[in-house]
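What follows is a single structure, written as structure tokens, with notes after it.
The values are calculated or read from the model by the stated rules, or taken from the named source; none is laboratory data. Every value quoted in this text rests on a predicted model; they were computed, and no experiment measured them. Here the Cβ positions follow ideal geometry from the backbone for every residue, glycine too, while neighbour counts run over all protein chains shown.
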């Protein structure tokens, strides 16, 4: 089965428990990381935002009470069903960012949080996000800490604790995949280099968070 279909089925399966497991597995810290992305979007003062791989709409939902055109996209219909329940006034669209249906330069800012590692082609996703976006692309994604002790603790938790908790919710295989994809993602300067090679952009800034457990990439077009 192609990666796209596997990812779609996996997220469809875990959609009803996704928010609960995120809060349990990160002990709520994922909101600290996401606030960095949200603050950067606010700093850009966009009139339109596309949240790619929106999941249950956590990021785009933070702008729900503002006079901004908001859209969230995802390949998982079940994830979007959860998002629509939480934020019925936001437009959610089933879309594959590697071959997106959105028009050229149709959003001021596009963002993706913890989803770029799961697409069938990172390069195609980046190119499509550039095509769709006028001003800025923001990417929040897991990385690998450089500090030896932090790396050992982090990878220990990732390898053993998170799949164990996932198994309690009948989601062990799904979370095992998510952990492995996080640990293997080309983060930091490696991802910056990939963005610079594939995109026609002014700059790519890399901001490590929690010692490199996660990174915020700010791509100015």
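Looking at segment 64-140, the strands (runs of 3 or more DSSP E) lying wholly inside it that each contain 1 or more residues that are crowded, with 16+ Cβ neighbours inside 10 Å and in contact (Cβ under 8 Å) with a residue 40 or more places away in the chain sit at 69-74, 107-113. Restricting 7, 14 to residues that are modelled with pLDDT under 95 and over 24 Å from residue 131 (Cα atoms) narrows the list to 14. Taking the criterion of being in contact with a helix residue (DSSP H, G or I) (Cβ under 6 Å, 6 or more places away or on another chain), surrounded by fewer than 20 Cβ atoms within 10 Å (Cβ to Cβ) and modelled with pLDDT of 95 or more, would at least one residue in segment 46-59 satisfy it? No, because not a single residue in segment 46-59 is in contact with a helix residue (DSSP H, G or I) (Cβ under 6 Å, 6 or more places away or on another chain), surrounded by fewer than 20 Cβ atoms within 10 Å (Cβ to Cβ) and modelled with pLDDT of 95 or more.
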